[in-house]
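Here is the structure we will look at.
We did not get these values from a lab; they are worked out from the coordinates using the rules stated. Note that this is a predicted model, so its numbers are computed, not measured.
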Amino acid sequence: MFPSPIVHHPFVFDVGPLSLTGFGLAVLLAFLIAQIVSERELARRNRDVEAAGVSDVLFGALVGTLLGGISGFVLGRSLNKKSDAANGNKDRTAGGGKDRPSADRQQPEAAPA
């Protein structure tokens with residue numbers, strides 16, 4: 001069988017038990033840039049109290065993003081498993097599917113030439 005032509009994570013950087021993808025690093029960089037730009041702009045407008053609170057707001061947004069992403073991932077997987085079980089597609093979660101033969105299915109024999 002040929003490998004999948006779609007590259008899901010073209011950039012993965014493993015740090016111990018964590019795997020950082022290119023998308024994850026881009027999101028982290030976006031939060032960092034947003035903090036720097038917001039603090040500088042608020043300081044330029046002489047809004048020092050608001051500038052001091054930017055890091056708290058962005059930390060809350062980062063935690064919310066992580067919790068939302070994790071809960072969406074878990075919820076999506078559980079709904080897919082329930083849907084697959086209801087439709088009789090037991091091997092989709094194991095990498096099989098209707099178009100991919102499974103070990104427990106009978107393979108048609110080739111007709112003699």
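General remarks:
- Computed 3J(HN,Hα) for the range 23-32, one whole-Hz value per residue from the Karplus formula 6.51 cos²θ - 1.76 cosθ + 1.60 where θ = phi - 60°, is 5, x, 5, 5, 5, 4, 5, 5, 5, 5, glycine and proline marked x.
- ³J(HN,Hα) computed for each position of the range 43-54 - Karplus, 6.51 cos²θ - 1.76 cosθ + 1.60, integer Hz, glycine/proline x: 5, 5, 8, 6, 10, 5, 5, 5, 5, 5, x, 4
- Summarising the amide proton neighbourhood of residue 20: residues at separation of 5 or more, or on other chains, whose placed amide H is nearer than 5 Å comprise 13, 14, 15.
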